[in-house]
Amino acid sequence: MIWLLVPGLAVGADELVYGEFLAPNWYNWSWTSTVDFEATGEARTGERAIFAAIESNGGLSIQRATGLGVASALRFYAKADGEGLVLRLESTQEGAIAPEIPLDLSTDAWTEVIVSLDALPAFNWNRISWVDTSGLAATVWVDDIELLDDDPNATGFRTVEPVPPNRLVLYGPGDASSVTVTVDGKPHNIVDTVERSGPTRTYLTLDPPLESGELRVTTADGTYTRRITTASVSVGRDVTHVIAPTVYGVNFPDWPPTDAVMDRYRYGAVRWGGNARALYNPSTRSTNVGADYFFRNVTVNPDLRAWSDLIDVPTVVTVPNLDWVADGTRGWQYSVEKYGPQEQTSPDEPDAGNGLQPDGTPILDNDPNDVSVPWSADDARDWLANLTPVPTMLAIGNETDIAHFAHQGVHPDPATYEEQLQRFLDYANAAKDALPNVDVTGPVGCCWFYYWNSGDPTDATNYGDFLPWFLDEVAKADATSGRRTLDVLDLHYYPENLIAFDWKNQSDEAIDAWRLRSTRSLWDPSFIDESYVGTEPPVTDQPNPDRVQWIPRMQALIDAHYPGTRLAISEWGFGDVEGPSGGLAAADALGILGREQVDWAFMWPGPPAGSPAAAAYELFRGGDLVFGNSSLEVSGFDPDRLGVYASQGTGQTVSIVIVNKSPDDDVTLTLDGLDAGRLEVEHFGATVGARVVEHPSDTFEGVVTVPAYTATLLVVDYETDAPPPPVPSDTGEPSSNDDSPVGPPSDGGRCAGCHLGGSSPLWIAIVFTGLIGVRRRH
């Protein structure tokens with residue numbers, strides 16, 4: 001439906017796509033057109049508007065991978081010279097095109113256009129185009145593009161879902177006076193009605209509460225059915241440990257990291273790392289992206305200094321350790337002219353090859369001096385000694401174990417155990433010389449196979465599994481030198497079953513279910529991995545090699561080989577960050593990382609603002625409701641069906657995150673162990689998409705109903721003068737740069753509180769300035 005209205009009608013907007021500039025994460029996808037996104041002279045408001053000179057059958061087009069979200073309407077203002085202009089909405093991921101909407105625009109006045117979105121099929125509509133269909137040409141001005149929470153022209157309810165504790169919410173501007181509710185034919189009385197806007201919705205409080213069975217909601221606009229199942233969990237009230245805020249870290253969040261983005265998602269830490277930083281040259285402010293994109297040199301913008309200045313949370317910065325860095329020229333390591341035809345070349349630079357001959361054989365005789373300059377531990381020491389602002393941690397290299405793949409142009413041979421150890425010790429000692437009060441991480445390993453092996457098959461035969469050997473050797477070297485070089489064991493983890501295909505973007509019913517089961521590999525000793533790990537484990541001396549159980553396995557290695565070392569997973573991801581299953585997997589993983597006492601964790605890639613994966617961070621960290629920082633034990637749930645995580649916050653507040661992994665079944669969940677209290681709720685997923693929606697407060701009496709395929713945050717506030725449960729005494733440790741153990745301590749055990757991270761001043765400030773808690777008050 002399209003409504004062409006006169007200028008000036010005010011309608012509230014949820015998200016501005018274009019005002020003076022195109023909003024972050026929206027991109028120009030125009031074709032056969034000349035487009036200026038900052039044109040002056042004809043703006044409807046402000047100083048700028050979009051101007052496009054569209055040639056025959058061309059189009060002005062903008063795209064965002066995360067799409068239009070759950071907006072109810074699209075609004076923009078336009079004027080044009082030319083006939084045959086239409087508006088086209090597309091889902092590029094699903095290959096869908098909505099019916100084109102003819103645009104009747106004037107050259108003399110701005111016309112307001114409102115496009116209703118609720119009636120469109122359930123695709124990820126992510127591209128908006130103004131297209132010439134006349135075969136001639138047209139010029140068009142567009143301004144003030146907005147996505148509206150509420151469609152001003154909509155009527156009636158469009159969908160229904162349950163929300164805790166015993167409510168139904170009907171989305172849309174319908175009439176609730178004639179609604180009837182039954183479960184398996186049993187009537188449920190509506191005892192209270194509450195209306196909310198943004199999006200428009202009506203809450204129905206039911207008596208009796210919802211139970212299992214077929215829910216049927218009949219309205220004047222149609223009948224909706226859902227299936228409700230039941231489950232129960234037990235929530236303990238004794239705090240088990242304090243959750244480190246740095247488990248809520250990301251790699252490179254949306255750039256620039258505006259105050260709005262950082263305040264909305266409240267990331268706990270940010271990492272400057274990845275393949276594209278392993279050859280970073282601080283002198284030329286450039287890097288080489290390696291095999292990720294045709295071994296090309298690129299300018300780093302913003303540079304590390306500018307990036308660090310804008311980040312006010314703990315940071316981790318990668319120290320290059322491959323003895324080469326980019327020379328700053330606009331070049332590439334594998335010139336076709338110099339090294340001959342190659343398997344692939346860059347789409348925009350046919351001379352830039354991928355370093356493989358046409359038959360796939362790697363080119364190993366190239367000259368690193370083509371686009372790189374030498375780099376040493378001494379160079380790293382000099383750079384770090386003058387680095388400001390000082391980062392919280394320094395990571396030595398990035399995936400040195402697969403440098404012969406990622407950075408073949410400067411490191412063609414597989415890195416042996418001995419080489420990885422020596423590179424770590426050389427650069428870690430340089431880092432400690434330059435910044436003695438900054439913690440150091442390593443070996444920043446890539447993946448499951450290389451935890452236990454190297455590219456040299458003789459290593460495992462001669463030394464056994466890599467990680468135990470590495471920890472032993474570093475502990476011995478540190479004991480000899482009297483200085484700890486390894487403060488944090490730093491590894492990457494991606495589920496091997498998801499890596500087997502294009503896991504980052506693929507999504508279907510089977511893959512989505514696989515993705516949500518795979519979070520069990522982070523912790524569950526009974527979960528047999530659904531990949532080669534579970535069927536043909538690599539050669540390793542580790543117990544239960546078909547079970548990843550990543551966090552407890554790595555904690556056990558630390559205890560056995562270098563106690564006192566903390567644990568970081570500086571890259572983790574379950575893919576589909578812009579889809580619903582990826583958002584739920586991210587929420588499940590964040591709950592697991594906090595519960596299992598990881599010290600630092602960084603999602604890769606940093607989720608785009610407005611994506612379901614970003615909503616997972618918002619649910620735990622953003623808004624007025626946040627997940628607490630003192631973990632409580634939860635037991636009794638099926639991890640393939642649910643993820644349930646609980647914490648104690650300030651005062652007498654308990655918060656629970658529930659991830660309902662079923663795409664079909666709502667669940668009425670009994671939370672044993674919690675007393676009645678005041679309940680506040682917010683959630684994302686299913687009906688509300690990537691938006692975190694807060695619901696009206698209510699009374700909690702032990703039972704809640706949560707909708708299918710959502711992540712829900714419950715905050716139960718007990719208004720009492722009783723003191724909160726005690727927090728464990730092991731809530732900190734001396735900095736590893738002061739008097740923490742060097743080499744294996746005499747008791748051979750885990751240090752008290754070592755899961756909390758080092759006591760750097762920035763981390764302490766986060767704990768004691770009130771940024772962590774269950775409710776932030778404004």
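Would you give the gap between the C-alpha center of the stretch 24-47 and the C-alpha center of the stretch 124-189, rounded to a whole Å?
First find each Cα centre; the distance between them is then 28 Å.
Based on the alpha-carbon gyration tensor of the stretch 151-209, what equivalent-ellipsoid semi-axes (square roots of 5 times the eigenvalues) come out, in whole Å, largest first?
Numbers: eigenvalues 89, 27, 17 Å².
Over the Cα atoms of the stretch 151-209, the ellipsoid semi-axes are 21, 12, 9 Å.
With the contact rule set at Cα under 8 Å and sequence spacing of 6 or more, what percent relative contact order holds for the stretch 49-163? Display every interim value, and only then the final one.
Working: 249 pairs, mean separation 52.2, N = 115.
Relative contact order of the stretch 49-163: 45 percent.
Apply the Debye scattering formula to the stretch 417-463, with a single equal point scatterer on each alpha-carbon and no solvent, then give log10 I(q)/I(0) at q = 0.14, 0.22, 0.25 Å⁻¹.
The calculated log intensity ratios at q = 0.14, 0.22, 0.25 Å⁻¹ are -0.43, -0.80, -0.92.
How large, in Å, is the stretch 180-223 by the Kirkwood hydrodynamic radius built from its alpha-carbon pairs? Working shown, then result.
On the way: mean 1/r = 0.0877 Å⁻¹.
Value: 11.4 Å, from the Cα pair sum.
Just to be sure I understand: if I project the alpha-carbon convex hull of the stretch 573-708 onto a plane and average over all orientations, what area do I get in nm²?
Numbers: hull surface 32.0 nm².
Mean orientational projected area (the stretch 573-708, Cα hull): 8.0 nm².
Out of every Cα pair in the stretch 88-146, what percent are spaced more than 14 Å from each other? Don't skip to the end; give the middle numbers.
Working: 1072 of 1711 pairs.
Result: 63 percent of Cα pairs exceed 14 Å.
Return P(r) of the stretch 11-95 (all Cα-Cα pairs; 5 Å bins starting at 0; whole %; ordered from short to long distances).
3, 11, 22, 26, 22, 12, 3, 0
Apply 1/(1 + (r/R0)^6) to the Cβ-Cβ distance of residue 57 and residue 218, taking R0 = 60 Å, and write down the FRET efficiency to the nearest 0.05. Let's see the in-between values first.
Values: r = 48 Å, r/R0 = 0.80.
Working from the Cβ atoms, E equals 0.80.
One-quarter of the Cα convex hull surface for the chain, in nm²? Spell out each step's value before the answer.
On the way: hull surface 140.7 nm².
That works out to 35.2 nm².
Calculated FRET efficiency, residue 476 and residue 120, Cβ-Cβ r, R0 51 Å, to nearest 0.05? Don't skip to the answer; put the middle values down first.
Numbers: r = 64 Å, r/R0 = 1.25.
FRET efficiency, residue 476 to residue 120: 0.20.
Rounded to a whole number, what % of the accessible area of the stretch 499-593 do carbon and sulfur atoms account for, probe 1.4 Å? Could the numbers behind the result be given before it?
Values: 1700 of 3210 Å².
Here carbon and sulfur together make up 53 percent of the probe-accessible area.
If contacts are Cα pairs under 8 angstrom and at least 6 residues apart, what is the relative contact order of the stretch 89-245 in percent?
Working: 211 pairs, mean separation 24.8, N = 157.
After rounding, I find 16 percent.
Percent of accessible area on the stretch 328-446 owned by carbon and sulfur, 1.4 Å probe?
On the way: 2420 of 4790 Å².
That fraction is 51 percent.
When ligands, DNA and RNA are left out and all protein chains stay put, how many square angstrom of accessible area per residue does the stretch 638-694 have with a 1.4 Å probe?
27
Mean residue ellipticity at 222 nm from the helices of the chain, using -39,500 (n - 2.57) per DSSP H segment of n ≥ 4 over the full residue count, to the nearest 500 deg cm²/dmol? Kindly include the intermediate steps, with their values, before the conclusion.
On the way: 16 runs with 139 residues, N = 778.
Helices in the chain give a 222 nm mean residue ellipticity of -5000 deg cm²/dmol.
Can you work out ³J(HN,Hα) from phi for every residue in the stretch 568-584, in order, using Karplus 6.51 cos²θ - 1.76 cosθ + 1.60 and θ = phi - 60°, giving whole Hz and x for Gly and Pro?
Result, ordered by residue: 10, 10, 7, 9, 9, x, 10, x, 6, 5, 9, x, x, 5, x, x, 5 Hz.
If R0 is 30 Å, what FRET efficiency do you get for residue 526 and residue 676 from their C-beta distance, rounded to 0.05? Before the final figure, lay out each step's value.
Details: r = 35 Å, r/R0 = 1.15.
E between residue 526 and residue 676, to the nearest 0.05, is 0.30.
If each of residue 330 and residue 260 carries a label point 7 Å out from its Cα toward its Cβ, how far apart are those two points in nm?
3.2
Translational D (Stokes-Einstein, µm²/s) of the stretch 351-461 at 25 °C and 0.890 mPa s when Rh comes from the Kirkwood sum over C-alpha pairs?
On the way: Rh = 15.8 Å.
For these conditions, the coefficient is 156 µm²/s.
What accessible area per residue, rounded to a whole number of Å², is obtained for the stretch 80-165 using a probe radius of 1.4 Å?
Working: 3290 Å² over 86 residues.
Value for the stretch 80-165: 38 Å² per residue.
Translational diffusion coefficient of the stretch 438-586 at 37 °C, 0.692 mPa s, Stokes-Einstein with Kirkwood Rh over Cα pairs, in µm²/s as a whole number. If you can, show how the numbers build up before the last one.
Numbers: Rh = 16.4 Å.
Estimated via Stokes-Einstein, D reaches 200 µm²/s.
The values are calculated or read from the model by the stated rules, or taken from the named source; none is laboratory data. Note that the structure is a prediction, hence the values are computed from the model and not measured. Backbone-built Cβ (ideal geometry, glycine too); neighbour counts: all protein chains shown. Only protein heavy atoms, including side chains, enter the accessible area calculation; ligands, DNA and RNA are left aside. Shrake-Rupley method; radii C 1.70, N 1.55, O 1.52, S 1.80 Å.
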